[in-house]
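What follows is a short report on a single structure.
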Amino acid sequence: MKAALLVRPGEIVVDAIPEPTIGPDDVSIAVGGVGLCGSDLSVFSGKWTAPAYPWVMGHEAFGTIDAVGAGVPRERIGQTVVVEPNVACFTCDQCRRGWTSACVARRSVGMNRQGALAERLVLPSRFAWPINGAAPTDLVCVEPTAVVLAALRRLGTPLPESAMVIGVGAQGLLMSLALVDRGVTVHAHDVNQDRVASAVGLGAVVAAVDESSPTFHLVVDTVGSPASVAVALSRLEVGGTLLVLGLDGRPLDLTAQAVVRRQLVLRGSLTYDHPDDFEAAIAAVRDGSFAPGRIVTDAYALDDAQLAFERSGSTAGKTWIRVGSDGETS
Ligand SMILES: [Zn+2]
Ligand SMILES: [Zn+2]
């Protein structure tokens, strides 16, 4: 089957790879399309090292089930499904506590198991969520929508009237859209002004970040860099919450004194916990109450995967790659 292969950091070759084998509890998915996000770009650039080269990337995928293992009902063949790409073990302490996002044996599509930028992807059946009637652009956004819904669930408090979102790449745009939908006035900030313009197009306003600008009870930082967290901290009011989604490994310039004196809440949120968060994302897209495809701006063919990755880091919205001939699946 055809796949986009990362042969070394920064270089993709489209070539044939062996068909995956289907285990008894697995489904085989003819991939329709795959969304790209910051995690994929980290693997592409080599910032995160791929487990091996060549490597198949991609995890925000949808497609059609074309074969099932012996233990899976045959009625599932033909279903349009969205991939929940983080396969938890369900036996470790974190999984038993319901925190599958922190599973110590997590196997993630495109990270440490075969990615979705291939004609076929094999996955345990419970991680392939049926959905009908949604546009491909909505389908490639279900996974990052689950990230947003999990983060808002973990906040555990009523949303304030206004909030700031720092970093409005794909994840920040979806967070902005979800907050706007919930009646929150979103103040968007990004070093890329095209992305701020996209956020404004979704109903946000441009954030002011000078000394005298307003402070917020909630600041969401999808970047997590020392610079972005510094901006976030400067815009939090006393008692406010900093919700961090960005995975940056560098130390932050933050003292306990600042946290204590300003009585801040720091909340990190990683992906989502199986199955509730993904189920919520599927339901919101299926019933039309959330239309995440509005953040999608760029589409490419699988053969142009190299170009898609090179450009996706700087475009105004989300990029996706059409894989199957039925990228227009319904
Ligand atoms: Zn992603
Ligand atoms: Zn586990």
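The values are calculated or read from the model by the stated rules, or taken from the named source; none is laboratory data. Predicted model, so just to flag it, every value in this text is computed and none were measured. Reconstructed Cβ throughout: ideal geometry from the backbone, glycine too, with neighbour counts over all protein chains shown. Each accessible area value is taken on the protein alone, full model and side chains, heavy atoms only, with ligands, DNA and RNA left out. Shrake-Rupley method; radii C 1.70, N 1.55, O 1.52, S 1.80 Å.
Taking the options GLY33, GLY78, name whichever one is crowded, with 17+ Cβ neighbours inside 10 Å, more than 16 Å from ligand 2 (Cβ to nearest atom), closer than 24 Å to ALA281 by Cβ and modelled with pLDDT of 95 or more.
On the way: GLY78 fails: crowded, with 17+ Cβ neighbours inside 10 Å.
That would be GLY33, the only listed residue that is crowded, with 17+ Cβ neighbours inside 10 Å, more than 16 Å from ligand 2 (Cβ to nearest atom), closer than 24 Å to ALA281 by Cβ and modelled with pLDDT of 95 or more.
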Fill in: Odd one out for LEU155 among (1) open to solvent by 30 Å² or more (accessible area, probe 1.4 Å); (2) touching a strand residue (DSSP E or B) at 6+ places or on another chain (Cβ under 8 Å)
(1)
Worksheet item: Name the pairs whose Cβ atoms lie under 6 Å apart, with the first residue in the range 118-130 and in the same structural domain as PHE62 (by TED's automatic domain parsing) and open to solvent by less than 40 Å² (accessible area, probe 1.4 Å), the second in a strand (DSSP E or B) and among the hydroxyl-bearing types (Ser, Thr, Tyr), and 6 or more positions between them or separate chains?
Response: VAL122/SER28
Worksheet item: Within the group ASP287, ASP221, ASP298, ASP248, which residue is free of Cβ contacts under 8 Å to residues at least 40 places away in the same chain and touching a strand residue (DSSP E or B) at 6+ places or on another chain (Cβ under 9 Å)?
Response: ASP298
Worksheet entry | Meets criteria (within 16 Å of ligand 1 (Cβ to nearest atom) and touching a residue at least 12 places away in the same chain (Cβ under 8 Å)) for VAL82 | yes
Practice prompt. Pick out, from the range 252-316, the helices (runs of 4 or more DSSP H) lying fully within it that include 3 or more residues that are under 21 Å from the mean Cα position of the chain (by Cα).
Written response: 276-286, 305-312
Item to complete: Output the number of residues of the range 279-311 satisfying the condition of being at pLDDT below 95 and crowded, with 17+ Cβ neighbours inside 10 Å.
Response: 0
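So which of VAL191, VAL209, VAL231, VAL219 is in a helix (DSSP H, G or I) and of a type in the set (Val, Ile, Thr)? Talk me through it step by step, then tell me what you get.
On the way: VAL191 fails: in a helix (DSSP H, G or I); VAL209 fails: in a helix (DSSP H, G or I); VAL219 fails: in a helix (DSSP H, G or I).
Result: VAL231 is the single residue among VAL191, VAL209, VAL231, VAL219 that is in a helix (DSSP H, G or I) and of a type in the set (Val, Ile, Thr).
Residue by residue, here is whether (1) more than 22 Å from THR319 (Cβ to Cβ); (2) open to solvent by less than 50 Å² (accessible area, probe 1.4 Å); (3) in contact with a Gly (Cβ under 8 Å, 6 or more places away or on another chain) holds:
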{"position": "THR185", "(1), (2), (3)": "yes, no, no"}
{"position": "HIS189", "(1), (2), (3)": "no, yes, yes"}
{"position": "ALA197", "(1), (2), (3)": "no, no, no"}
{"position": "GLY201", "(1), (2), (3)": "no, no, no"}
{"position": "LEU218", "(1), (2), (3)": "yes, yes, yes"}
{"position": "PRO226", "(1), (2), (3)": "yes, yes, no"}
{"position": "LEU236", "(1), (2), (3)": "yes, yes, no"}
Worksheet, complete the sentence: Counting only residues in the range 57-71 that are open to solvent by 10 Å² or more (accessible area, probe 1.4 Å) and over 16 Å from the mean Cα position of the chain (by Cα), the one nearest to ligand 2 (Cβ to nearest atom) is identified as GLY71
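Test of understanding: among VAL147, VAL186, VAL168, which residue is in contact with a helix residue (DSSP H, G or I) (Cβ under 9 Å, 6 or more places away or on another chain), outside any helix (DSSP H, G or I), modelled with pLDDT of 95 or more and within 16 Å of ligand 1 (Cβ to nearest atom)?
Working: VAL147 fails: outside any helix (DSSP H, G or I); VAL186 fails: within 16 Å of ligand 1 (Cβ to nearest atom).
Sole residue among the options that is in contact with a helix residue (DSSP H, G or I) (Cβ under 9 Å, 6 or more places away or on another chain), outside any helix (DSSP H, G or I), modelled with pLDDT of 95 or more and within 16 Å of ligand 1 (Cβ to nearest atom): VAL168.
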Worksheet entry | Of all residues in the range 89-124 being among the hydrophobic types (A, V, I, L, M, F, W, C), outside any strand (DSSP E or B) and closer than 19 Å to GLY63 by Cβ, the one that is nearest to ligand 2 (Cβ to nearest atom) | MET111
Worksheet item: Would the range 286-296 turn up any residue that is closer than 25 Å to VAL191 by Cα and aromatic (Phe, Trp, Tyr)?
Response: no
Worksheet item: Is the range 155-162 home to any residue that is under 20 Å from GLU60 (Cβ atoms) and within 19 Å of the chain's Cα centre (by Cα)?
Response: no
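Just give me the residues in the range 94-117 being β-branched (Val, Ile, Thr) and either open to solvent by less than 10 Å² (accessible area, probe 1.4 Å) or touching a strand residue (DSSP E or B) at 6+ places or on another chain (Cβ under 8 Å) (or both), in sequence order.
Pass one, the range 94-117, residues β-branched (Val, Ile, Thr): 100, 104, 109.
Selection gives THR100, VAL109.
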